[in-house]
Amino acid sequence: MKGIKILSTGHYAPSKVVSNDDLAKVVDTSDEWIKSRTGIANRHISVDQNTSELAYLAAKDAIEKGKIDTAKIKYILVATFTPDDYTPSTACIVQKKLGLNDQEIMAFDINAACSGFVYSLNIIKGMLQKDEYAIIIGSEVISKLIDWQDRGTCILFGDGAGAAVVEGSDEHLFYSYNNSTGNEEALYCKGRTFNNISEGYLYMDGREVFKFAVDAINKSIQNLLSQSGLTLDEIDYVVCHQANYRIISHVYKKLKADPGKFFMNLQEYGNTSAASIPMALSEMNEQGLLKENQKIICVGFGSGLTWGATLFEW
Ligand code: COA
């Protein structure tokens with residue numbers, strides 16, 4: 001298939017909302033500091049729902065909104081770095097929750113941190129055959145990996161899930177760009193290994209990651225424009241991983257681009273890693289912003305350090 005078509009989108013965020021003022025009661029911070037450094041006002045935090053439950057609810061939302069014929073679903077991919085378990089994969093648990101466990105489906109997780117959803121789109125484009133559907137989900141419960149006493153990280157992240165039902169298409173253009181650098185120092189959360197049985201909290205070198213992120217988005221946009229022969233004026237929306245409004249605004253200022261092209265909903269959800277791009281697409285769809293044949297660039301970037309980008313037509 002030449003490209004993909006997104007048939008429908010859905011999302012789910014846990015009902016518990018934690019505001020900046022709520023956090024200021026726990027750590028030495030303020031609403032003003034957080035908003036001016038990140039743009040984030042709220043984040044949604046899971047009390048008792050795991051990553052698979054969030055993923056299932058987002059997938060169900062997409063299936064219902066698109067009135068999707070689930071018999072055509074051949075693949076379920078869940079992008080996450082916060083799976084319920086080491087095994088089975090979150091995707092297999094979602095398959096069962098959706099009642100699709102008797103169907104011939106390939107289900108697996110992708111761990112590319114905040115690049116996971118875009119990596120998944122780029123992978124599935126090479127797999128889908130005619131008349132086959134895939135559900136691509138980004139889902140995270142990052143709150144369980146956060147040190148809630150660390151003001152450098154706890155203000156940034158939130159929980160949520162977004163999903164897209166995707167079909168192969170020869171009529172829709174598609175370009176992709178993927179990369180990683182094998183960096184273990186800038187952003188990590190250590191798990192069980194042979195010589196370390198303690199599972200640690202998320203660690204991030206904020207300044208290092210900030211510089212990397214601005215550079216990765218720039219490189220991604222330039223690469224996709226050069227592959228496609230399009231100009232940024234011909235792109236309707238750029239949907240970046242929703243990490244921080246200062247990262248995104250740096251990019252549109254540098255490119256002298258219209259800020260209105262760069263959708264943001266991070267003020268409500270914070271950084272939800274692999275979930276942030278599909279949640280953004282789903283909210284844009286709900287708001288009626290997405291129209292047939294529009295050209296959209298999505299850029300994910302995060303731990304690894306990884307980055308991945310896609311240019312596709314709606
Ligand atoms: N509230 C108040 N003060 C805080 C704070 C908080 N939540 N977090 C850090 N500070 C303090 C620091 O302790 C430091 O104080 P000091 O000067 O007395 O030592 C000061 O603010 C500056 O810290 P610094 O880490 O240099 O701040 P910064 O301007 O780089 O902003 C981030 C920190 C995390 C907001 C910023 O680095 C960033 O956005 N990085 C990218 C993060 C990201 O999006 N990662 C995910 C990518 S997938």
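Couple of notes before you dig in:
- Pair Asp48, Lys2: separation of 7 Å Cα→Cβ label points (nm): 5.2 nm
- Selection from Leu121, His44, Thr90, by position along the positive dipole direction of the chain (Cβ): Leu121
- Charge dipole of the chain (Cα centre as origin; +1 on each Lys and Arg Cβ, -1 on each Asp and Glu Cβ, all else neutral): 500 debye, rounded to the nearest 20.
- Amide H within-cut-off set for Phe262, under 5 Å, with H built and near neighbours excluded: Val238
- Using the rule -39500 (n - 2.57) for each DSSP H run of four or more residues, divided by the residues of the chain, the 222 nm mean residue ellipticity is -9000 deg cm²/dmol.
- Amide H partners (placed H, <5 Å) of Gly304, local residues excluded: Asn183, Leu187
- DSSP-defined antiparallel bridges as percent of all bridges, the chain, nearest 5: 70 percent
- Nearby lysines by direct alpha-carbon distance to Lys261 (threshold 18 angstrom, same-chain neighbours under 8 apart not counted): Lys219, Lys253, Lys291, Lys295
- Close amide H pairs (under 5 Å, H built 1.01 Å from N) link Gly39 with Tyr245, residues at least 5 positions away or on another chain.
- Among beta bridges from DSSP that stay inside segment 1-157, the antiparallel ones total about 20%.
Every number in this text was worked out from the coordinates using simple rules, so none of it is lab data. This is a predicted model, so every value here is computed, not measured. A quick note on method: Cβ atoms are made from the backbone with ideal geometry, for glycine too, and the neighbour counts reach across all protein chains shown.
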